[in-house]
Structure formats: C-alpha cells, structure tokens
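So the structure is just underneath, and the comments pick up after that.
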Amino acid sequence: MLEFDKDRNEICYDYSRCQQCGICEAVCPKQAISLELRKDGTNLIKVDNDKCIRCKRCVNCCPANKRENYEGYFDNFTGKEYYLGYNTDNTVRHECSSGGVCKTIVIESLRNGLADGVYTLRRTDVFPYAEGEFYTKDNIPQYDDIPNSVYHSIMACRNINKIQHCKRLIVVGTSCQLRAMNAALKGKADEIIRICIFCKQQKTLDSTRFLAKIVGTKIPENLKFSTRYRGNGWPGIVRVNESELPWNRAAQIPFGRRLWTVPGCDLCGDSFGINAGADLSLMDPWKIRTPNDMGETLVTVHTETGKKLLKSIDTIGLQEKSFEDVKAALSLKDVWRKQQTEPYFRGEQCSTTAQKAGEAEMRQRRTIRKIVDTLPRMPILFYRVLCKFYPDSRNRILK
Ligand SMILES: Cc1cc2nc3c(=O)[nH]c(=O)nc-3n(C[C@H](O)[C@H](O)[C@H](O)COP(=O)(O)OP(=O)(O)OC[C@H]3O[C@@H](n4cnc5c(N)ncnc54)[C@H](O)[C@@H]3O)c2cc1C
C-alpha cells in the first residue's frame, strides 16, 4: 500500500498491505517506482523519492488504501441472475479454468465487434508467466495465448499504459485490480465493461512451492520452471514442471488457502468486485455441480450491460439458475468473514469478535507454517489431519 506522508513529504510503502496489482508502477509519470522481486514471488515496491514529483497518482490508484463500505453488500444477492456457462466447443471448455466463459467473452467480443479493446492477461515464458495485455481486433488472441487462473501474484495492472482509447473497453481482473484500473482508466474509453474474477486471495509462490513438494518436484532458485493451474477437465489439475496433481486433491489441503496469501488480500472483502463496479463475476461452481469431466463457470450478473454482453455471445452455453441453486457455491459466508476482519488487518478499531478472529488466524498461520516448512514431503492425508487440529478458527468465532 502506498500512502503520502505529509510530515516527511514522501510516498511511503507498506508491504504488509500491498495487494500486488502493479498499478503504482504503471501510473508513475517519472518512473520513480520500481519493483524488487522477493523469494516468495511477490514484489516490494521501491519509491525513489528524488525522482518522485509528489503527484500522488500512485496513492490515488492504490486499491489497498481505500477503506471499502460493505453496507448492504449482500442485500441484492437473492435478486441477481445466475448462470452456469461454458464454451460450446468441448475442446476449449476442457482446457479452461472453469467453463471458459471469461476467455470466450474476451475473444468473441473482439471477433464480433462487441468491444474494440480488451485488457486481460497473456502467457509469457518468464516468471510470473503472465502479464497484462491490451488486445484489439488487430491482435485477437487464441485461447491458448491467455492463461487459465494464475494463483500466484502477477502484478496484472503493470501494462495498462498499452490501453488505447476505445469506444467500448472490456477489462478483466480480480476485485483489487479492477479498483486500481478504475482510477487509472478515466477518460480511456467511452464505456468500460468490468469482468471480475472472483477471488478470496492471491497466493505467493510459496503455495506453488508447497504443491511442487507434494508432487515430488522443486521450483529452482532462478524461477525457471513450468506451471499450469486448472484446465484438463474440471476442476482440473495443477502442474509444476512435468508433475501434476488433481486440483480437487490440492484443494483438500485447506490451509493452502491461508498460509501463503498475498498480505494485502486480507484487506479486501469485495471478492465479487461489486464495489469496483463489476458487471459480471465469474467463479467456480464448487459444491453445486454434478460431477462430469467438463467445466462450467458460475456467472453472477450484476448489471444489464453485463447480461447483454453475456447473452450476445452464441458460443457460450448458458443454464439459468436460481439463487437457491447456486447459494452453496457463492461463498457468501467466507466473503462476509473477510469483511468482518478487514479492519483488524488494517490496524483499525474493530469489534472484539473480529479482533479475536484476526488474532487467532495470525497465530494459526504462524504455527502451521512452521510445521509445514520444517517437515519433509508428507502424504496428503497428513496435511488433512493437521488441518483437523487447526481448523480455521475464524469460522468458529465469526458465525
Ligand atoms: C487468484 C484467483 C483466486 C480465485 N479464487 C477463487 C475462489 O476462491 N473461488 C472460486 O469459485 N473461484 C475462484 N477463482 C476464479 C476461478 O479460478 C476462475 O477464474 C473462474 O471460475 C473463471 O473461469 P473461466 O473458465 O471462465 O476462466 P477462463 O476462461 O479460463 O479465463 C481466465 C481469465 O482469468 C484471467 N486471469 C487469470 N489469472 C488471473 C489473475 N491472477 N489476475 C487477473 N486475471 C487473471 C485470464 O487472463 C483470463 O481472462 C479465482 C481466480 C484467481 C485468478
């Protein structure tokens, strides 16, 4: 998180609150901001206060320094429209993260002139193996050019300066990335459609290192490795180098979600991107789908614009669902808990219960991390038993 310190007349950076979006580097007019890669694959932001002209663009765009208002956040969920969506070509559907709705919107919107620009990721050959890219009708990507869900942090907003003025621009990102882009893209398009990749947390590379250990491989110091998350049916796989693990087995290690979280993710309770103005949110239909080898994306429609775009792409198959049908997959309780503990992680005053939940979580994270780091590779069953000893106490405290 970047803040302006009036007394020191300097921009100050706090890694423990950084959401790793990369917008600060992109908007700095004097290239006063640089990145320093840490061992866990996240970046430290370095501000050169000699070059800095105190324009505060970085501070104004930083998504972590704005306290969100969550009043009424859950009021409209029963009235929203929900769909299970998928690309109608089974080969594409099989290889995407969930059902391929996101990539299909990106590609088909450009092919059919529904948008004249899209900002999302492209695959790269070097760590973090993905970067932001601006696509137009002149460089329409293939499905394989766009990565599936990348769970380690990627600084997705770093390339927003590539965005040229558009009549209709589609931006894809997690909630923090959309918030960051909102501030930076003013005047860049007549209309912006926002697609939110539902996200409870981005992980550091230590999460992938742990998965590598489980599958008996390693991520080398120089970070030259290959990785692929999801795809290959649903819920898919995680592959590190040549070794892979079914994604549902990786997901059976619940502390994976807690130990290696990008620090600033604790400061975001807007997983659906509603406060960031999302038109659609896309997520996995965990718990609600009948098992089959083909994925589906659970689409939450927030606006008429989002719905119109979704329905105008005929290579997306859609099954309309009611709130009751999808309730179990929406993770509303998890999102609510994140909202409750956000003040604690911001170091602000909060309820005693939220304080207790935040403290218990930090204690548990430290202990489990120590155990997991110290021990050699263990069978997955061991980690599942460990989780039984350390169940997420936030769930018990914040009912
Ligand atoms: C960090 C992260 C955490 C997530 N957590 C959850 C969760 O807890 N529960 C849940 O149900 N779903 C979660 N998802 C969403 C889920 O993994 C799928 O992305 C979603 O279901 C869309 O699937 P799809 O097949 O339509 O996407 P695809 O058609 O495969 O397209 C993926 C799109 O996401 C973009 N993308 C990939 N990684 C990132 C990233 N790190 N930042 C920004 N854009 C990215 C790609 O550029 C592409 O446009 C998470 C995704 C991410 C990236």
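Every read-out reported here was derived from the displayed coordinates using simple, explicitly stated rules and does not represent laboratory data. Keep in mind it's a predicted model, so treat the numbers as computed, not measured. FYI the Cβ positions are ideal-geometry reconstructions off the backbone, even for glycines, and counts take in every protein chain you see.
Only helices enter the 222 nm calculation for the chain: every DSSP H run of n ≥ 4 contributes -39,500 (n - 2.57), and dividing by all residues gives -8500 deg cm²/dmol, rounded to 500. Direction-averaged projected area, Cα convex hull, region 71-115: 4.8 nm², rounded to one decimal. With the simple model of a label 7 Å out from the Cα in the direction of the Cβ, residue 66 to residue 348 spans 1.4 nm. The amide H of residue 10, built 1.01 Å from its N in the peptide plane, has 5 as neighbours under 5 Å, considering only residues 5 or more places off or on other chains. Using a cut-off of 13 Å between alpha-carbon atoms, which aspartates and glutamates can reach residue 338, once sequence neighbours fewer than 8 places away in the same chain are excluded? Hits, sequence-local ones excluded: 68, 266, 270, 361, 392.
Full extension of the chain between residue 136 and residue 75 gives 18.3 nm of extra length, using 0.36 nm per residue less the Cα-Cα distance.
Considering only Cα atoms, the convex hull volume of region 2-65 works out to 82 Å³ per residue. In this simple spin-label model, placing a label point 7 Å from the Cα along the Cα-to-Cβ direction at both residue 336 and residue 363 gives a separation of 2.5 nm.
Structure shown: which of 66/137; 186/333; 188/307; 80/399; 46/370; 51/167 lie over 27 Å apart, alpha-carbon to alpha-carbon? Walk me through the intermediate numbers first.
Working: 66/137 35 Å; 186/333 33 Å; 188/307 23 Å; 80/399 24 Å; 46/370 29 Å; 51/167 35 Å.
Listed pairs above 27 Å: 66/137; 186/333; 46/370; 51/167.
Taking each residue as 0.36 nm, the span from residue 293 to residue 123 lengthens on full extension beyond its C-alpha to C-alpha distance by 58.7 nm. Put in order of Cβ neighbour count within 10 Å, fewest first, the listed residues 152, 302, 165 become 165, 302, 152. Maximal additional length on extending the residue 322-residue 36 stretch stands at 98.3 nm, based on 0.36 nm per residue less the C-alpha distance. Listed from fewest to most Cβ neighbours within 10 Å, the set 27, 47, 101 follows the order 47, 27, 101. Ranked for footprinting exposure by Cβ neighbours inside 10 Å, fewest first, 176, 96 give 96, 176. Within the shell defined by Cβ-Cβ distances under 13 Å, the residues around residue 244 carry a net charge of +3, with Lys and Arg each +1 and Asp and Glu each -1.
What percent does the relative contact order of region 2-65 come to when contacts are Cα pairs within less than 8 Å and at least six residues apart?
Details: 87 pairs, mean separation 24.6, N = 64.
Across region 2-65, relative contact order equals 39 percent.
Mean silhouette area of the chain, derived from the convex hull of its C-alpha atoms and averaged over all directions, reads 19.5 nm².
Taking the centroid of alpha carbons for each part, region 135-158 and region 196-241 are 17 Å apart. At 7 Å along Cα-to-Cβ for each site, give me the label-to-label distance between residue 88 and residue 370 in nm. Reported label-point gap for residue 88 and residue 370 is 5.8 nm. Over the chain, what is the mean sequence separation of C-alpha contacts under 8 Å (at least six apart), divided by residue count, expressed as relative contact order in percent? Relative contact order here is 20 percent. Pairs of C-alpha atoms in region 181-265 farther apart than 19 Å represent 51 percent of all such pairs.
3J(HN,Hα) couplings calculated from phi for region 27-43 with the Karplus curve 6.51 cos²θ - 1.76 cosθ + 1.60 (θ = phi - 60°) are, in sequence order, 8, 5, x, 10, 6, 8, 10, 10, 10, 10, 6, 8, 4, 8, x, 8, 10 Hz; Gly and Pro show x.
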